[in-house]
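The values are calculated or read from the model by the stated rules, or taken from the named source; none is laboratory data. Since this is a predicted model, take the numbers as computed values, not measurements. When we count neighbours, we look across all protein chains shown, and the Cβ atoms used for this are built from the backbone with ideal geometry, even at glycine.
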C-alpha cells in the first residue's frame with residue numbers, strides 16, 4: 001500500500017497546483033496559461049491579480065470567468081464548467097480546460113490615422129480630399145466575449161494585434177461620421193473636439209460588440225491639400241473684406257513697393273511717377289469735397305454733384321437662413337463663388353414675396369447666355 005501511495009503522490013505533483021500569470025510585458029492583452037495537455041489538478045489554486053481576469057474555456061465553449069482574487073478550483077467555484085462536464089457529485093481526478101488571463105487595464109495613447117485620403121463633398125469647393133489622425137484609449141470590459149470573438153485560440157494576444165483590428169473599425173466609422181456631418185470644409189479643423197465626442201459615441205457600440213470599451217477618442221489633426229487651404233483662405237478674405245477698400249490697400253502697397261525698388265534711376269523714376277499718380281488721386285478726392293468760392297458776392301459750391309441715388313440692396317437665403325442686405329456687385333460675387341445659385345431665393349424692396357434669382361430680370365445677367373427678346377411682328 002505504501003508503494004501505491006507514493007506513486008499516487010508523485011503523479012499528483014505532475015499536475016498544476018497554482019495557476020497565475022505574472023505579466024512581464026506592457027503590451028500583452030491576453031495570455032493563455034500553458035500546461036501539459038491542459039490538465040489542472042482538483043483543488044488547485046487560481047490567483048487573479050488586480051487588472052486581470054481569468055477566463056476558462058472548455059472544448060471551445062466559454063465556461064467560468066474569475067475577477068481578481070484567490071480561488072480553490074472545485075465544483076463550487078466552477079459552476080458552468082461543472083455543468084459542461086456533467087460533474088454531479090464532485091471530481092477527484094485532474095480535469096482539462098484552457099485558461100486565458102485577460103489584461104483589463106486601460107491602454108492609452110494608441111495611434112490611429114487614415115492611410116489614404118478620403119473624399120468629401122463641399123457645396124462651394126466640390127469634391128475635396130482630407131486626411132486625419134489622432135489617438136484613442138480602450139480597455140477590455142467583457143473578457144469572456146473578447147476571448148471568444150477576437151482572440152480565439154491565440155496563446156499570446158498582443159496590443160499590436162488588437163490595434164490592427166480597431167484601426168480599421170475607427171477609420172471606417174470616422175469617415176462615415178464626418179461625411180454625414182456635412183460641415184463646410186474649413187470647419188472640420190476648427191471643431192475637432194466636437195467631432196471627437198461624436199465619433200466616440202458612434203464607435204462605442206461597435207467596440208462593445210467584441211467586449212471592448214472605447215474610453216477616449218481624439219482627433220488631433222484634419223489636413224487637406226495646400227492648394228485647397230489657399231483657396232479657402234482667399235475665399236474667406238473675399239467674404240469678409242470690402243472689395244473697394246481691398247483695392248485701395250493693394251494700390252497703396254504697390255506704390256510703397258515701387259518706391260522701395262532698388263532698380264536705380266528707373267526705380268526712382270517709377271517711384272516718382274507713382275507718387276505723382278497718388279498725388280493726383282488725392283487731389284481729385286480733395287476737389288470732390290465742397291469748397292466755398294465767392295462769385296458776384298455770393299458763396300457757391302464748386303464740384304458738388306447732386307446726391308447719388310440709393311443703390312438697390314438685396315437679401316438672399318442660404319440653408320433656410322436670411323442674409324444681407326448686400327449690393328448688386330456683392331450678390332454677383334456670391335453667385336460666382338457658389339455661395340448662392342440660380343435657384344436661391346432673393347428679395348429686394350418693392351417685391352411682395354421672395355423669388356428665385358433666375359426669375360429676377362436684373363439678375364439674369366449672372367446666368368450668362370443672355371439673348372435679346374424676339375422682334376415685334378410687322
request  = Residue by residue through region 197-220, note down the ones that are surrounded by fewer than 17 Cβ atoms within 10 Å (Cβ to Cβ) and touching a strand residue (DSSP E or B) at 6+ places or on another chain (Cβ under 6 Å).
outcome  = 204, 213, 215, 216, 220
remark   = Within region 328-342, the count of residues that are out of contact with any helix residue (DSSP H, G or I) (no Cβ under 7 Å at 6 or more places or on another chain) and surrounded by fewer than 14 Cβ atoms within 10 Å (Cβ to Cβ) comes to 3
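Can you say whether residue 171 is surrounded by 16 or more Cβ atoms within 10 Å (Cβ to Cβ) and over 22 Å from the mean Cα position of the chain (by Cα), as far as the supplied structure shows? It would help to see each step written out before you state the result.
On the way: surrounded by 16 or more Cβ atoms within 10 Å (Cβ to Cβ): yes; over 22 Å from the mean Cα position of the chain (by Cα): no.
Considered against the rule, which asks whether it is surrounded by 16 or more Cβ atoms within 10 Å (Cβ to Cβ) and over 22 Å from the mean Cα position of the chain (by Cα), residue 171 comes out as no.
Anything in region 139-155 that is touching a strand residue (DSSP E or B) at 6+ places or on another chain (Cβ under 9 Å) and at pLDDT below 80? List them, or say none. Talk me through it step by step, then tell me what you get.
At the first step, the residues of region 139-155 found to be touching a strand residue (DSSP E or B) at 6+ places or on another chain (Cβ under 9 Å) are 139-148, 150-151, 153-155.
Within region 139-155, 153, 154, 155 meet the criteria.
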task = Please note which strands (runs of 3 or more DSSP E) are completely contained in region 48-138 and include at least 2 residues that are within 30 Å of residue 336 (Cβ to Cβ) and at pLDDT below 90.
result = 118-122
